Structure formats: structure tokens, C-alpha cells
Amino acid sequence: MKKIAVVLVASILATFTVQEIQAQAWEKETKVISINVGGANYFHVGRIYNGSIYRNYYSPITGELLVQGEFGVHDYVGVGFSAGFGGRDRYRGWGLYGGYGYYGSSEINVPVGVLANFHFYQLIADKTGSDIHADKLDIYAGVSVGSGVAIINPAFSNPAILALAYGGPHAGIRYYFTDKIAVNGEFGYGKTFANAGIVFKL
């Protein structure tokens, strides 16, 4: 009886040890929520009336607080959403006219969109069998598309509400310093020009 108990305990411990060794920073069952701050690029869909004519409004880089969720659909693929809140203050530079030397405008924007990521670092770890710390490090690339609204307050025109549109590639990295919490950074075009934040694995 004692031998059976010892064998049973050893088997359980071995199972947990194997699971821990095989654990990856990204797996098919992974679900994460991240909170990031940084900059974004959005295209404004619409024109602003300036006295006697309408002029196109071009988007500069704006500050952004971004919440993202990602859910595994494959060992190396995740899909999810992003939602943000941000803007910029008026400054001299690229603005209402889209040309340097004119006063710009202040802006508040609320973007929402969808994303898909390919976690290639996990693929490399699986295919090579090497210890490249894939249990703590997750490097990925992806694309995002979305829309939203922007409240524009030009320097020499009435405030206006325009639609947002964005789309583009991005790349990112996450480092898990605990099983459930990571720091991350992304750069790209669209929902993120460059940002950094914290990730929570659900």
C-alpha cells in the first residue's frame, strides 16, 4: 500500500513538472488583457469648414491610453480587440491644412478595432526544442483595423466631429515576470505608433 502511494505521489509530481516545463508564454488557451500608453496614428474621415472653403484634416501622432484583449485560437495565433481614449493639444506644425507652418488643432479621439497576432517566438521554441525562455518571453507580429470618432477643435474654425479610420501592422514583445503578469511594448502604424504597458493573463 505504501509503495502504491509513493508511486501515485511521484506520478502526480512528475505530471506537474512536465506541465510546468512545457508551459509557454502563449498557448491556444491563452487569454490576456493589456493596458498601454503611448502614441497612435489615425486618419480622419471628413473635411473641416474654414471660413469659405472645406479643407481636408490630416492626422498627426496623438497620445493614447489603449486597452487590448487577445484570445488564443491556435497555438501561435490570437485574435482580439482594442479600445482607446486619447488626443493632443494644439501646437504649431502639421494641422488643419496638413502642411508645416500652420496652426494645428486640439483633438480628443475614441478608437475601437480588432486585431490578430502571430506569436512566432513560440513557434521557434517548439520547432527547435531550444531553451529560449519561451515560458517568459512572447514576441509577436500582427495587424489591426478599426474606426471611431474624433472631436476636433481647429485653431481658426469651428469644432467638428469626424470619423476615424486606421489599419496597419504592428510588432510587440511581452515579458512575464510572474505566471500571470507581464510588461510589454509595441510599435507599428495605426492603433500604435509606439506604446508600453502591462499585461494580465486571465
Self-check item: HN-Hα J in Hz across the stretch 125-132 - Karplus 6.51, -1.76, 1.60, θ = phi - 60°, x for Gly and Pro
Solution: 4, 5, 6, 8, x, 8, 8, 10
Self-check item: 5 angstrom amide H check on Ser144, placed H, neighbours 5+ away
Solution: Gly168
Quiz prompt | Whole-number D in µm²/s for the stretch 112-157 (Stokes-Einstein; Kirkwood sum over Cα pairs; 20 °C, 1.002 mPa s) | solution = 154 µm²/s
Quiz item: Per residue, what volume in Å³ does the Cα convex hull of the stretch 99-202 take up?
Solution: 133 Å³
Quiz item: Per-residue accessible area for Val145 at 1.4 Å probe radius, Å² rounded to 10?
Solution: 80 Å²
Practice problem: Skip the ligands, DNA and RNA, and give the accessible area per residue of the stretch 129-195 with a 1.4 Å probe, whole Å². | Solution: 48 Å²
Quiz item: When all protein chains stay in place, what accessible area (Å², nearest 10, 1.4 Å probe) is found for Ser130?
Solution: 60 Å²
Quiz item: Taking a threshold of 20 Å on the Cα-Cα distance, which of the pairs Lys28/Lys191; Lys28/Lys136; Lys31/Lys136; Lys127/Lys180 fall above it?
Solution: Lys28/Lys191; Lys127/Lys180
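The values are calculated or read from the model by the stated rules, or taken from the named source; none is laboratory data. Bear in mind that the values here come from a model prediction, so they are computed numbers and not experimental data. Note: accessible area is taken over every heavy atom of the protein model, side chains too, but ligands, DNA and RNA are not part of it. Shrake-Rupley method; radii C 1.70, N 1.55, O 1.52, S 1.80 Å.
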